Amino acid sequence: MTGVVLVILDNEYIEDLDSKLVLRVGNAALTVFLLGLICWRFVVERVLELSICAIFVPPGTSGSFDVREWKFYTDAETDGTSNSQKTSCGAPFIVEGGGCYLEYSYPFETLGLLSLLRLYMVPRVIRNLSSVARY
């Protein structure tokens, strides 16, 4: 909108050549900036799409990974035994660095669920293959 206002001012209201030059330079700078933002948007979309499509679980992968969920801080001192961990935070928690954590273990196959993010491409394919998108 700023560029439109600058063009209207340039064409209709401003008579001085120096003022017209300043308005045109400002309009050119805004145009270059907006074109850069448009290009950046396409770059970000493509990088995001490629990173989503690159998610997969490699064949032959087995095992599990642990995820710790922080719950609260504790002031109790631990000596590394399981009794001190249970008394300072409670039964299901693990004490580390003054914090109490719940620890979850997930198989690597769970990461395959992230490939369901690719389903966002299905409506685009349907739109592109339908006769509605043709002119």
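The values are calculated or read from the model by the stated rules, or taken from the named source; none is laboratory data. No experiment lies behind these values; they were computed from the predicted model shown. As a convention, Cβ positions derive from the backbone with ideal geometry for all residues, glycine included, and neighbour counts pool all protein chains shown.
Points to keep in mind about this one:
- Enumeration of residues in the stretch 92-116 that are in a strand (DSSP E or B) and out of contact with any helix residue (DSSP H, G or I) (no Cβ under 8 Å at 6 or more places or on another chain): Glu96, Gly99, Tyr101, Leu102, Glu103, Tyr104, Ser105, Tyr106, Pro107
- Filter result for Leu6 (modelled with pLDDT of 90 or more and hydrophobic (A, V, I, L, M, F, W, C)): no
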